[in-house]
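A short write-up of the structure that comes next.
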Amino acid sequence: MFYLKKVNFFWQKRSYPYNVDAFCILYLLQKKVLIYISGDIKPIDSMTQYEFMFIVDPSLREEENTKLMEEVRETLTTHGAKITNEDIWWVKKLAYRINKSAEGFYALFDLEMDGKAIKKLSKDLNLQKSIWRYIFVKKES
């Protein structure tokens, strides 16, 4: 992705110039629009950093828990997330009861991903019965 400062649009042989000094030409084939780009072009990172915390049923056995963690990792990576850090907090006391339990298994992942994938990820995570709660928090730059 690029940050574009000034753009000239040419559509059906009509010109809508914003700046005559153009040094880069891009063709948008889908709409058949010719765009001249001028000014500074700065590459920006489209991947945003997020923290993903979730609470899992603590009554799961160890092999079920590791299997669930692998499924969560796989779900995250299939939706384009890059896991940069993984912090397992193990079983902690909950602030309020969830499913008649006073404890929960906490896990925290640091992710780099596109924010548009959160909606699709939420749909997949809602299908997991063992995941009680989860939250995505955008980190400040």
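The values are calculated or read from the model by the stated rules, or taken from the named source; none is laboratory data. Because the structure is a prediction, the values reported are computed rather than measured. Positions of Cβ are backbone-derived with ideal geometry, glycine not excepted, and every protein chain shown enters the neighbour counts.
Please state which one of Glu103, Glu86 is modelled with pLDDT of 90 or more, more than 21 Å from Glu140 (Cα to Cα) and either out of contact with any Phe, Trp or Tyr (no Cβ under 9 Å at 6 or more places or on another chain) or in a strand (DSSP E or B) (or both). Outline the logic, then answer.
Details: Glu86 fails: more than 21 Å from Glu140 (Cα to Cα).
One residue alone meets the criteria, Glu103.
Just checking, which of Gly80, Gly104, Gly115 is of a type in the set (Gly, Ala, Ser), in contact (Cβ under 8 Å) with a residue 24 or more places away in the chain and crowded, with 16+ Cβ neighbours inside 10 Å? Working first, answer last.
On the way: Gly80 fails: crowded, with 16+ Cβ neighbours inside 10 Å; Gly115 fails: crowded, with 16+ Cβ neighbours inside 10 Å.
Result: Gly104 is the single residue among Gly80, Gly104, Gly115 that is of a type in the set (Gly, Ala, Ser), in contact (Cβ under 8 Å) with a residue 24 or more places away in the chain and crowded, with 16+ Cβ neighbours inside 10 Å.
Please verify whether the stretch 58-65 includes one or more residues that are at positive phi and basic (Lys, Arg). Step through it out loud before you land on a result.
Within the stretch 58-65, the first condition is being at positive phi, and the residues that meet it are none.
No, the stretch 58-65 has no match at all.
Please count how many residues of the stretch 88-101 are over 19 Å from Thr77 (Cβ atoms) and in contact (Cβ under 8 Å) with a residue 12 or more places away in the chain. Spell out how you get there, then give the answer.
Within the stretch 88-101, the first condition is being over 19 Å from Thr77 (Cβ atoms), and the residues that meet it are 89-101.
This time we only want the ones that are in contact (Cβ under 8 Å) with a residue 12 or more places away in the chain, so: 89-92, 94, 98-99, 101.
Result for the stretch 88-101: 8.
Looking at Lys120, Lys129, Lys92, Lys116, can you tell me which residue is in a loop (DSSP other than H, G, I, E, B) and of a type in the set (Lys, Arg)?
Values: Lys120 fails: in a loop (DSSP other than H, G, I, E, B); Lys92 fails: in a loop (DSSP other than H, G, I, E, B); Lys116 fails: in a loop (DSSP other than H, G, I, E, B).
None of the others qualify; the one that does is Lys129.
Among the residues of the stretch 60-83, is there at least one that is under 19 Å from the mean Cα position of the chain (by Cα) and part of a strand (DSSP E or B)? Step through it out loud before you land on a result.
So in the stretch 60-83, the residues under 19 Å from the mean Cα position of the chain (by Cα) come out as 69-83.
Add one more test, that the residue is part of a strand (DSSP E or B), and what stays is 82-83.
Checking the stretch 60-83: at least one residue is under 19 Å from the mean Cα position of the chain (by Cα) and part of a strand (DSSP E or B).
Got a sec? Which of Asp87, Asp110, Asp124 is surrounded by 13 or more Cβ atoms within 10 Å (Cβ to Cβ) and more than 12 Å from the chain's Cα centre (by Cα)? Please lay out each step first, then the result.
Working: Asp87 fails: surrounded by 13 or more Cβ atoms within 10 Å (Cβ to Cβ); Asp110 fails: more than 12 Å from the chain's Cα centre (by Cα).
The conditions single out Asp124.
Among the listed residues Ile35, Ile131, Ile25, Ile44, which satisfies the condition of being at pLDDT 90 or above and aliphatic (A, V, I, L, M)?
On the way: Ile35 fails: at pLDDT 90 or above; Ile25 fails: at pLDDT 90 or above; Ile44 fails: at pLDDT 90 or above.
None of the other options fit; the residue is Ile131.
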